[in-house]
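Peer 1: The structure that follows is given in the form of structure tokens.
Every number in this text was worked out from the coordinates using simple rules, so none of it is lab data. Computed from a predicted model, the values in this text were never measured in an experiment. Reconstructed Cβ throughout: ideal geometry from the backbone, glycine too, with neighbour counts over all protein chains shown.
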Amino acid sequence: MSLSKQLYLGLLLVMTLVFVGTLWINVNNTRNYINTQLASHAQDTATSLGLSIKPFIGSPDDLPMVDGMIKAIFDSGYYQKVILKDNKGKIILEKTNPIVFDTVPNWFVNFFSLTPPEASTEVYDGWMKPKTLHITSHPGFGYIQLWQSAIKSSWMILALFLIAGTLVSMVLRTITDPIKKAAEQADEICQGNFVQVDDIPKPIELSLFVNAMNRMSRILQKMFNELTKQTEKYQRFAYIDELTGLANRRAFNNQFESLLANKEDNNSGFLMIIRLSSLDTINKSHGYIAGDEYVKQGVDLINKTLLNVDGKIGGKVSGNIKDNINATHKTYRLAGSDFAIIMQECNKDECQQTAVELMQLFNKTTVQATIQLEFKTDEQAKINNFAHIGITNYATDSEMPKVLAQADNALVKALSNKDGWQFSDKLVMPQGNSVWKQQLDQLLENEKVILMAQAITDKNEKLLYHELYARFNHTDHNTPIPMAQLMLVAERLNLAESFDKLVIRKVITQVKTSPGNVAINLSPASLGHKKFCQWLIDELALCKDICKFLTFEISEQSLIHHAENVCRITKALKALNCKITLEHFGASTSSFTHLMQIKPDHVKIDGSYSQQIENSTENQLFVQSLVNIAHSLQITVIAELVETDTQKTQLGSLFVDYFQGYNIDKPTVW
């Protein structure tokens, strides 16, 4: 029971006792007074009437006169009984009024009874033995007066009660409102909202309390901001090339290994290695400052080309760690003169187009103009080429050293190639868009989706939920289609929303019959459409009873490109009792901003940090920082792509809550 309720009940009890006690005393005193007045009134009337009838009491013939005189007084209604007795006690005359009340309740009469005493006087007839006159006042008027007095007292006490209650309520509100605001403030702080209470109460004790809470909130906000900035600073130190602002070799190794290890998405694409061929010569002949200018110009040309490709094929490009993990074309600086571009959403023709456009820019740009230096003739010969490009493809389960070796071999051939770029000899030609369009339309029409489930558990193998993966088979030869490849093409053909709807309907239908905690991935392409978001909310509103079993996984890519839609839909999903998981947490410096935007229930640390976690001190320190930030906001942490016991043990020592990967559970048909 709340403090205010206890105080109100205590006040009610005290005021009730005061009311009853005061009313009882007041009515009882009034009753005693009325009884005394009735006795005095009866005695006065008896004496006066006795004197009036004395001249006529001796003669029997005058008895009617006596009766008339008594009747005149009795008819006033103030008397209950008037009795005249002779000297032997025999009743000569008697008048009686019944005790009947119309305006006073019977319970009041019974509870506060009036007992007017009987008054008497002796009436003498000369020297003869006197007759006796007995008079009893009627209590009716006394009861009316007593009842009216009780009513007035009740109203007065009730008014005082209401006034006192109002004053106490105001005092209690003065006390409890700051306490409630402080409690709400504490809850907000637990959620990571370091709010301040602006309405400072005037009482000194309460103002001290509220100000102390505000100071604590400011201190915690400062600590959280410092922790976030420290983590971001460490991320840049560990994973960003200082000169170019691109992700470095360590980030490339982490993310490319996680890309190759992700068996569920079954990724495929192209790896492009770009070498600034004249860097070594420039460093030796004109110093490292000139070499740095050369490198910066090369990065500008790469970014410019990829932005052009972005506009033509609908991909996304990044040369910044802020959203590098979510980009279609991810750029890294591997070494002094070597850069890598991971290209996921493109076929061979598009990759070739990118290489051609890059080389055209490289060939148009002279090193002299870039670093504003003059070269001797022999030096000019050495730096005639700006850059060269080697390209190879990759797929899930490819070995990273072999992929890099193929790209390096292609780069070596490019050095002697007049075009300046070269594909690796081992390339797989993907299907064209027209073939894919026909295939995807058939899949949507047939609605034959296979759902695979992979468990996410803690160190004690306690289940959090099963993440669901959709699987589709080729309509011709019934072999699995790589899901990452399918969704990339579906996005390009504007069919991703249709596939998401198909999967969501399938999951809802199955959860209705077999309830269990499951997670559904929402693609960035679908979340970019407001109609899809509204469709999802309407669909779930029809089956609110199963929403508690559903978790929706949303990638940071969705937040980067569709922040407004994502914030709106996550709020609606939480209102329906669904849960939210933010994927790829920590992959960009915007992770922490996103964390505050949608307040997820869980976060998945990007799988790139699980790779080599047991050997990489940088990964360990960074994961520990991410866990600290998430836990400070009461958010549970999941590590994905956990493939070995060593990884699980190391991640557990960093206080990761849950684990997912082939070491934990292999996907099975759901």
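Peer 1: For the range 655-670, what does the Karplus curve 6.51 cos²θ - 1.76 cosθ + 1.60, with θ = phi - 60°, yield as ³J(HN,Hα) per residue in whole Hz, taken in order and with x for Gly and Pro?
Peer 2: For the range 655-670, the Karplus-derived couplings read 6, 5, 7, 9, 10, 9, x, 5, 6, 8, 6, 8, x, 10, 4, 8 Hz, x marking Gly and Pro.
Peer 1: Hey, what number do you get for the chain at 222 nm if only DSSP H runs of n ≥ 4 count, each worth -39500 (n - 2.57), divided across all residues, to the nearest 500?
Peer 2: Numbers: 22 runs with 357 residues, N = 670.
Roughly -17500 deg cm²/dmol at 222 nm, from the helical runs in the chain.
Peer 1: So, with +1 on the Cβ of K and R and -1 on the Cβ of D and E, and no other charges, what is the size of the charge dipole of the range 593-662 about its Cα centre, to the nearest 20 debye? Intermediate results must be reported in sequence, preceding the final value.
Peer 2: Values: 3 positive and 8 negative charges, 45 e Å.
Roughly 220 debye, rounded to the nearest 20.
Peer 1: Another one. So for the range 3-162, averaging the separation of alpha carbon pairs under 8 Å that are six or more residues apart and normalising by length, what relative contact order in percent results? Walk me through the numbers on the way to the answer.
Peer 2: Values: 198 pairs, mean separation 51.3, N = 160.
Across the range 3-162, relative contact order equals 32 percent.
Peer 1: Relative contact order for the range 568-670 using alpha-carbon pairs under 8 Å, separation at least 6, rounded to a whole percent?
Peer 2: 22
Peer 1: Let me ask something else. Explain nothing, just the number: dipole magnitude of the chain about its Cα centre with +1 on each Lys and Arg Cβ and -1 on each Asp and Glu Cβ, in debye rounded to the nearest 20.
Peer 2: So the magnitude is around 1340 debye.
Peer 1: Here's something else I'd like to know. I'd like to know which of N409, N517, S278 lies farthest towards the positive end of the charge dipole of the chain, counting +1 on Cβ of Lys and Arg and -1 on Cβ of Asp and Glu.
Peer 2: Farthest towards the positive end: N517.
Peer 1: Tell me which aspartates and glutamates have Cα within less than 14 Å of K296's Cα, excluding those fewer than 8 residues away on the same chain?
Peer 2: D241, E242, D338
Peer 1: Taking a ≥ b ≥ c as the square roots of the eigenvalues of the Cα gyration tensor of the range 475-538, is the shape rounded (a/c under 1.5), prolate (a/b larger than b/c) or oblate?
Peer 2: Cα axes put the range 475-538 in the oblate bin.
Peer 1: Out of every Cα pair in the range 510-606, what percent are spaced more than 16 Å from each other? Intermediate results must be reported in sequence, preceding the final value.
Peer 2: Numbers: 2430 of 4656 pairs.
Counting pairs separated by more than 16 Å, the tail of P(r) holds 52 percent.
Peer 1: So, one more: For helix 288-313, what angle does its Cα long axis make with the longest principal axis of the chain, in degrees from 0 to 90 and rounded to 10?
Peer 2: Taking Cα atoms only, the helix is inclined about 70 degrees.
Peer 1: In the chain, with Lys and Arg counted as +1 and Asp and Glu as -1 at Cβ, which of these residues, Q438, N254, A46, has the Cα nearest the positive end of the dipole, that is, farthest along it?
Peer 2: Value: A46.
Peer 1: Can you compute 3J(HN,Hα) from phi for each residue in the range 87-98, using the Karplus curve 6.51 cos²θ - 1.76 cosθ + 1.60 with θ = phi - 60°, rounded to whole Hz and x for Gly and Pro?
Peer 2: Whole-Hz 3J(HN,Hα) from phi for the range 87-98: 6, 9, x, 7, 6, 8, 9, 8, 10, 9, 10, x.
Peer 1: While we're here: When a/c reaches 1.5 or more, the comparison of a/b and b/c decides; with that in mind, is the range 3-162 rounded, prolate or oblate per its Cα gyration tensor?
Peer 2: On the way: a/c = 4.42, a/b = 3.66, b/c = 1.21.
Since a/c reaches 1.5 and a/b is larger than b/c, the shape of the range 3-162 is classed as prolate.
Peer 1: Please give the helix 3-53 orientation as an angle from the longest Cα principal axis of the chain, in degrees from 0 to 90, rounded to the nearest 10.
Peer 2: Tilt relative to the chain: about 10 degrees.
Peer 1: May I ask you to list the lysines whose Cα is less than 23 Å away from that of K81, ignoring any residue fewer than eight positions away on the same chain?
Peer 2: Here the lysines satisfying the reach criterion relative to K81 are K54, K71, K90, K95, K131.
Peer 1: Another one. Taking a quarter of the surface of the convex hull around the Cα atoms of the range 525-670, what do you get in nm²?
Peer 2: The Cα convex hull of the range 525-670, projected and averaged over all directions, gives 9.1 nm².
Peer 1: Using alpha carbons only, how many angstrom separate the centre of the range 489-509 from the centre of the range 212-288?
Peer 2: Distance between centres, Cα-based: 33 Å.
Peer 1: I need the trypsin sites (Lys or Arg not before Pro) found in the range 87-192, filtered to DSSP loop residues with at most 12 other beta carbons within 10 Å of theirs.
Peer 2: K88, K90
Peer 1: Here is a follow-up. Taking amide H atoms as placed 1.01 Å from N in the peptide plane, list the residues 5 or more away in sequence, or in a different chain, whose amide H sits under 5 Å from that of I240.
Peer 2: Answer set, sorted by chain and number: N248.
Peer 1: How large is the charge dipole for the range 3-162, taken about the Cα centre, if only the Cβ atoms of Lys, Arg (+1) and Asp, Glu (-1) carry charge, to the nearest 20 debye?
Peer 2: 480
Peer 1: Label-point separation (nm) for E226 and Q534, each offset 7 Å from Cα along Cα-to-Cβ?
Peer 2: Modelled inter-label distance: 4.8 nm.
Peer 1: Once the Cα atoms of helix 140-190 and of the chain are each reduced to a long axis, what angle between those two axes, in degrees from 0 to 90 to the nearest 10, is obtained?
Peer 2: 10
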